Every structure is written in C-alpha cells, then in structure tokens.
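What follows is calculated from the coordinates using simple rules that are stated; it is not laboratory data. All figures in this text were calculated on a predicted structure; none of them were measured in a lab. Glycine gets a Cβ as well: all are built from the backbone with ideal geometry, and neighbour counts include every protein chain shown.
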C-alpha cells in the first residue's frame, strides 16, 4: 500500500470547520395593568460552512444558572 501524507492544514479544516456566531434580539412582552412591558431576549446561533445554522442559546434554570445541553 502506498501511503500519502495529508497536509495538516487539510486535517485541521476537517476537524475545525469555520464557524460564525450570530445574535438575534427578540422581546418578551407582558401586559401589566394598562401598560405593555417588554424585556429583551438574546438568541445565539452558530453557522458552520456546509452545515445548517443551529441555535446554541444556553438554557437557564429558575435561579438563572445555565443548564448544560446534551447533544
């Protein structure tokens, strides 16, 4: 068998695809008495070349601590 060396840059691009993070700000609004009160809610997305965009916004428990997601 004839072995060929693969340049390390080719391997790194397979292991670590180029990804970009995007942020989207939405608002959660509630009616209180005669007013509408809105709070911002930030959502975070990751887009890697050749793959679909995925939301990676962390989830938080009732005390505000992030919950680890298992994929």
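Rounded, prolate or oblate: which fits region 17-67 when a ≥ b ≥ c are the square roots of the eigenvalues of the alpha-carbon gyration tensor, with rounded for a/c under 1.5 and prolate only if a/b beats b/c?
Oblate.
In what sequence, highest mean first, do 33-40, 44-51 appear when ranked by Cβ atoms within 10 angstrom?
Per-residue Cβ counts within 10 Å, averaged per peptide and sorted highest first, yield 44-51, 33-40.
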